[in-house]
1. How would His101, His47 line up from fewest to most surrounding beta-carbon atoms within 10 angstrom?
2. Taking other Cβ within 10 Å of each residue's Cβ, how do Tyr32, Tyr110, Tyr58, Tyr122 sort, fewest first?
3. Rounded to whole Å, give me the distance from the Cα center of segment 71-87 to that of segment 8-22.
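Rule-based calculations on the coordinates, nothing more; no lab input. Remember, predicted model here, so these are calculated numbers, not experimental data. Virtual Cβ from ideal backbone geometry, glycine too; neighbours counted across all protein chains shown.
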Amino acid sequence: MKQFISWDEYDGYIDSIANWVSASNLNLVGIYGLPRGGLPMAVSLSHKLGLPLLLDYYDRRIIKDVSNVNKVLVVDDIADTGETLKKFSPLHNVICTFHYHKQSIVTPDYWVHEKGDDWIVYPWELVNSNEIQDYLI
């Protein structure tokens, strides 16, 4: 079964993450969105939080001191298996997702909703998308 996320719900999810980040005093130096699902989120959060959008995670022009004090906000739409997030889970990142599935090998620092077994279709995706990641086909 598919669960469709509207743009209004998307805006609410962005607000939820932004409010959590603002209340957490994280000393963030930038935002990186994993390509595809995380990129729309990163753009929205960059505007809302006034932080630079990192198009390249390793862009040292923006991140001059990645230490325990200065962190990067890494965002993705979902932590399902956790495979795409696992290389970003060291100390110097804060990971946020819209959805988190308890099977994920990475537990985000913050997520908006726990995911059940439904296939989630985000507003930037095709309504008739297959219930499998199209890059796996």
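1. Lowest count first: His47, His101.
2. Going from sparsest to densest Cβ surroundings: Tyr58, Tyr110, Tyr122, Tyr32.
3. Centre-to-centre (Cα) distance: 17 Å.
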